[in-house]
Amino acid sequence: MKFGETFTEYLHGDRERFLQKCSHIEYKRLKEVLKTCRRCNAFKGCANNVEEYNQLREDESTQSTQLYESCPLCDQMFFSELKKEASDIVGCLSSRGRRLIHLHAPNQMQKYFISLCQCFTSNQQATAQECRLLIEYVAMNAIALRKILKKYDKIHCSVSGRIFKSKIRTEHIEPLQSPWLMELGAFYINFKESNGGNQDNDGPFSCDLSATEPIMILMLPDSVKLEYNLTCAICLDTVYKPYALRCGHLFCKPCACSAASVMIFEGLKSASPESKCPICREVGVYANAMHMTELDLLLKKHYQETWKERLAAEREAIVKQSKLYWDLQTKLMIGY
């Protein structure tokens, strides 16, 4: 079955109720835009058969690399629409993912209301099912996005699709780069492990924490495997109390605080707006840094002894930083 048919079946299958309030890539309609583009068809119509068409396209691209780099008719509908759809998908992932994680790791008031709900429903099972549906939703749309951009570049002999993919990564609206996807993956693995499931062989997400560089693995429906590295780029150890910056890069909390020149007890929100990510050097990435609570829980369970040692080291660092901070404040107060 072709992907277009698979994607249509996905959108209108038994998950349709879940997808009612979710945006999606308009794969079928955008594919029709490419088919009906007069400029593309005029070019294609110059050839009498497939071999002539391929040869002509190769000759034209050799003679003038600019001729088919873009198509105003396609571009007008294509990239602006795809950008909005990608942004909406990431927004849906963030809002629904946040709600699911809060249900799994609630505060005291939320626990009270959840305990009441559990008198009537199997809340935990339903939450895990919604988590899996949300992961599948992001994966299917990410494949649709990748395939339609690849099709665009093939028809126009261009690299515009690849440039667009780089652009949405830079703007943090690439669905597979969202920290919420990794957080949902950790939640899914935690749920399976707490219920005796085999996390290595079942479900879209798994993890390999025994490797030299621990990774989380996402298997997409088209058998493409994505790996998320769980090593902090600063201390070169497994991320401890992991935080994802707005740019998507993952660090230990103490390491991120050090990079932002703030005390650990002050937290990343106190970082200067001019502070840069240690990897990509983007500014303003600390204010909305996301604590990966489910990933933290997953790693804590697998590295219990190491976590105790790192917690002790963190507390010692906080005590030293606090002493230095209050010594400085005292000197300022008395006029030194």
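Scanning region 1-25 for residues that are touching a helix residue (DSSP H, G or I) at 6+ places or on another chain (Cβ under 7 Å), open to solvent by 30 Å² or more (accessible area, probe 1.4 Å) and within 23 Å of MET77 (Cα to Cα) returns PHE3, THR8, SER23, HIS24.
Quick test for you: out of ASP153, ASP200, ASP222, pick the one residue that is outside any strand (DSSP E or B), in contact with a helix residue (DSSP H, G or I) (Cβ under 6 Å, 6 or more places away or on another chain), at pLDDT below 90 and open to solvent by 40 Å² or more (accessible area, probe 1.4 Å). The match here is ASP222.
Here ALA126 fulfils each of the conditions (1) loosely packed, with under 15 Cβ neighbours inside 10 Å; (2) closer than 29 Å to PRO72 by Cα; (3) at pLDDT below 90 apart from (2). The residues listed here are ILE148, ILE168, ILE173, ILE135; of these, the one that is assigned to a loop (DSSP other than H, G, I, E, B), closer than 24 Å to LEU19 by Cβ and either open to solvent by less than 20 Å² (accessible area, probe 1.4 Å) or in contact (Cβ under 8 Å) with a residue 12 or more places away in the chain (or both) is ILE173.
Out of GLY203, GLY267, one residue alone is in contact with a Cys (Cβ under 9 Å, 6 or more places away or on another chain) and of a type in the set (Gly, Ala, Ser). It is GLY267. Screening ASP296 against (1) within 18 Å of the chain's Cα centre (by Cα); (2) open to solvent by 60 Å² or more (accessible area, probe 1.4 Å) leaves a single unmet condition, (2). I'm checking my understanding of the structure. Among residues of region 13-37 that are among the acidic types (Asp, Glu) and outside any helix (DSSP H, G or I), which one is farthest from SER94 (Cα to Cα)? Step by step, filter region 13-37, then rank; the result is ASP14. Of all the residues that make up region 299-335, how many are outside any helix (DSSP H, G or I) and open to solvent by less than 100 Å² (accessible area, probe 1.4 Å)? Qualifying residue count, region 299-335: 2.
How about region 176-187: which of its residues are under 17 Å from LYS84 (Cα atoms) and outside any loop (DSSP other than H, G, I, E, B)? Result: LEU176, GLN177.
The values are calculated or read from the model by the stated rules, or taken from the named source; none is laboratory data. All values derive from a computational prediction rather than experimental measurement. For neighbour counting, all protein chains shown are included, and Cβ atoms are generated from backbone atoms with ideal geometry for every residue, glycine included. Keep in mind that these areas ignore ligands, DNA and RNA; they rest on the heavy atoms of the full protein, side chains included. Shrake-Rupley method; radii C 1.70, N 1.55, O 1.52, S 1.80 Å.
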